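What follows is a set of notes on a single structure, which appears directly below.
Values in this text are rule-based calculations from the coordinates and carry no lab data. None of the values given here were measured: they were computed from a predicted structure. Don't worry about glycine lacking a Cβ; one is built from the backbone with ideal geometry, like all the others, and counts go over all protein chains shown.
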Amino acid sequence: MDRIPILKLGDFLLVTVHVDMHDRLAMALQEDLTEKIVATHARGVLIDISALDIVDSFIGRMLGNIASMSGILDAKTVVVGMRPAVAITLVELGLSLPGVRTALNVEKGMDLLRASLPFDEPVEQLESGEEVG
Amino acid sequence: MSYYSWVSQMPQNKSMLLPELLAKRESEILKDWIAEQMRSRGPAGAGIKDEDLRRQSAEFLNAFQKASQDGDDIHAESWSRVRDILTDVSREQARQGVNPADIALFIFSLKQIVFRVLQSETGKDSEVFAREIWSATQILDRLGLFTTQVAMKSREEVIARQQAEMLELSTPVVKLWDGILALPLIGTLDSERTQVVMQNLLEEIVRTGASIAVIDITGVPTVDTLVAQHLLKTVAAARLMGAECIISGIRPQIASTIVHLGVDLGDVSTKATLADAFASALRRSNLAVVKIAPQRRAQGE
Amino acid sequence: MADRPDPIQIRNSEDVVVVRQRVRAAAVQAGLRLVDQTRIVTAASELARNTLIYGGGGTVSLEVLSDQGKKSVRLIFEDRGPGIADLELAMKDGYTTGAGLGLGLGGAKRLSSEFEIESKPGQGTRVVITRRG
């Protein structure tokens with residue numbers, strides 16, 4: 001089964017969902033992300049859903065779960081690129097994605113993640129000598 | 001007196017020859033009719049392809065021949081195929097922009113051909129000729145009127161659709177500053193229009209990468225529950241996408257309507273004026289407007 | 001005039017993706033605008049998942065209906081699963097028997113122009129939804 005690739009970008013993990021995921025693929029993504037956050041000490045996760053033309057309650061819950069789990073692991077989650085039709089439908093569906101921050105695109109999402117890092121933590125030091133997962 | 005009441009006082013004679021003639025001289029009638037249609041169609045009619053014209057005419061003639069065996073009440077069940085074909089022709093031509101009078105030429109050009117054929121078959125016997133012409137006229141006029149009615153209804157539908165499109169264009173989304181959009185709504189909002197306009201706003205937010213959108217309803221006289229719900233839905237959707245909305249221009253009457261309707265604005269940001277909303281948007285974007293001391297003008301300027 | 005192809009089997013989570021794609025195609029064919037397409041595809045995803053998880057698998061049939069030139073999409077989900085004992089309760093958002101039936105039925109209803117459900121314990125479930133432009 002294909003798994004959705006997770007990229008490391010500095011302190012953050014970047015996931016681009018580019019296919020219409022079936023449920024098992026979504027669950028696999030959730031597991032993979034959690035592992036990678038721990039393995040790379042990531043401070044933030046950016047999930048790009050701009051290729052998704054629908055987000056149903058399962059995917060919505062997955063995004064919420066990822067946000068909760070990353071939160072426990074001290075990482076922030078930002079979801080970017082939600083399409084207008086998807087946003088309207090999610091509102092009508094009644095899904096509010098609690099704990100999930102959103103931004104319009106990857107650039108703004110990264111700004112948001114960087115801004116959410118506490119100022120007093122020296123970011124660079126954590127990286128030295130660590131292997132990419 | 002109306003045409004129909006005058007007509008209905010004439011002796012009702014079932015045409016005895018028409019169905020037979022339509023069958024016997026079908027290919028000749030079809031050929032002449034198509035030629036007559038092509039000759040008399042105007043510029044708008046040029047949009048209809050020749051092969052479509054031929055096909056529709058052939059289908060119609062066939063259906064007409066069968067139905068005419070069954071009397072002259074064009075609204076009867078036996079005439080339903082004829083009506084369906086006329087409806088299709090009419091709708092299609094209306095969509096192409098042909099006006100109802102010209103659309104009816106589909107029938108009235110057939111009338112001439114039918115008369116010519118009737119005359120050639122019955123010419124010697126003037127009483128039969130008159131009776132046959134009379135029956136044929138009744139049927140064809142009714143069909144012509146039916147066609148016109150459908151055409152007018154289709155035209156109304158086209159106009160309604162165009163109006164809707166115009167409404168969409170007339171509520172443009174404007175850029176107030178980098179990352180700040182405004183949507184000044186004017187006039188009465190109905191549910192349909194509100195949805196279209198709101199969707200437009202969301203798409204502009206994506207397109208321009210704006211983080212803040214000000215929805216100004218100064219120009220909206222009243223807001224009903226449905227419209228209020230669409231507005232709130234849009235604000236929620238924008239938030240899900242990563243942008244914030246401010247609703248401005250809420251007049252006292254609208255404020256009291258909203259409270260009265262029990263609509264919960266929740267944590268949606270609202271401001272009395274567009275200016276207040278803009279100021280707020282600037283602050284949220286970490287922008288400020290600064291007054292610059294006037295420069296001394298050089299002599300002679 | 002209805003266009004009724006064979007029902008689609010819903011046997012696993014990949015089938016749910018197939019259902020989404022076929023419903024999308026039908027919605028496009030019916031000339032629905034983008035947000036209405038998104039609504040019915042999302043509703044279909046919810047109901048297909050219910051059919052799979054709660055119905056033990058089933059089918060969905062798609063029809064594009066035409067009424068005086070206005071087209072609509074109608075979907076009929078059927079399964080021979082355990083059925084739903086308390087329909088009213090099941091329609092409430094947040095109701096769940098475990099893996100998350102919550103939001104499925106209520107959400108699908110909100111996203112559809114018409115919604116009908118028949119279900120008896122031991123006799124399976126049948127849901128019919130229609131989306132007009």
Fill in: Residue order, fewest to most beta carbons within 10 Å, for B:HIS75, A:HIS18, B:HIS230
B:HIS75, A:HIS18, B:HIS230
Worksheet entry | Sequence-distant lysines (8 or more away, or on other chains) whose Cα lies within less than 20 Å of B:LYS31 | B:LYS49, B:LYS66, B:LYS111
Worksheet item: In nm, to one decimal, how far is the A:LYS8 label point from the B:ILE186 one, both placed 7 Å along Cα→Cβ?
Response: 5.7
Discussion item. Loop by DSSP (not H, G, I, E, B), at most 11 other beta-carbon atoms within 10 Å: where is the longest site-free stretch of chain A for GluC sites (Glu not before Pro)?
Written reply: A:1-129
Item to complete: Search the structure for amide H atoms under 5 Å from the amide H of B:LEU181, placed 1.01 Å from N in the peptide plane, and list their residues when 5 or more places away or on another chain.
Response: B:LEU176, B:ILE212, B:ALA213, B:VAL214
Fill in: DSSP H segments from chain C that extend 18 Å or more along their own axis, Cα-based, with Kyte-Doolittle mean of -0.5 or above
C:13-29, C:34-53
Fill in: Listed pairs B:LYS271/B:LYS291; B:LYS271/C:LYS70; B:LYS175/C:LYS70 exceeding 31 Å between Cα atoms
B:LYS271/C:LYS70; B:LYS175/C:LYS70
Fill in: Principal axis dimensions, region B:129-282 - Cα atoms, whole angstrom, descending
85, 36, 25
Worksheet entry | Counted charge near B:HIS75, where neighbours are those whose Cβ lies closer than 11 Å (Asp, Glu -1; Lys, Arg +1) | -1
Worksheet item: For chain B, which longest stretch is free of loop sites, where a loop site is one of the trypsin sites (Lys or Arg not before Pro) that DSSP puts outside H, G, I, E and B and that has at most 12 other Cβ atoms within 10 Å?
Response: B:125-290
Worksheet entry | Label-point separation, B:THR225 to B:ARG251 (7 Å along Cα→Cβ), nm | 2.3
Worksheet item: What number, in nm² with one decimal, is the all-direction average of the projected area of the convex hull of the alpha-carbon atoms of region B:3-166?
Response: 10.3
Worksheet item: So what does log10 I(q)/I(0) come out to for the protein assembly as shown at q = 0.08, 0.09, 0.10 Å⁻¹, using the Debye formula with one equal point on every Cα and no solvent?
Response: -0.76, -0.87, -0.97
Worksheet item: If Lys and Arg each add +1 and Asp and Glu each add -1, what is the summed charge of the other residues whose beta carbon sits under 12 Å from the beta carbon of C:SER112?
Response: +1
Worksheet item: How well do other chains shield peptide A:93-100, expressed as the mean number of their Cβ atoms within 10 Å of each residue Cβ?
Response: 4
Worksheet item: In a solvent-free Debye calculation with one equal scatterer on each Cα, what is log10 I(q)/I(0) for chain B at q = 0.10 Å⁻¹, listed in the order of the q values?
Response: -0.71
Worksheet item: Using +1 on the beta carbon of Lys and Arg, -1 on that of Asp and Glu, and nothing else charged, what's the dipole of region C:1-47 about the Cα centre, debye to 20?
Response: 120
Worksheet item: In Å, what is the Rg of the alpha-carbon atoms in region C:8-132, and how long is Dmax?
Response: 13.7, 44
Worksheet item: Roughly what percent of Cα-Cα pairs across region A:6-119 reach past 25 Å?
Response: 14
Worksheet entry | P(r) weight above 15 Å for region C:19-93, C-alpha pairs, percent | 59
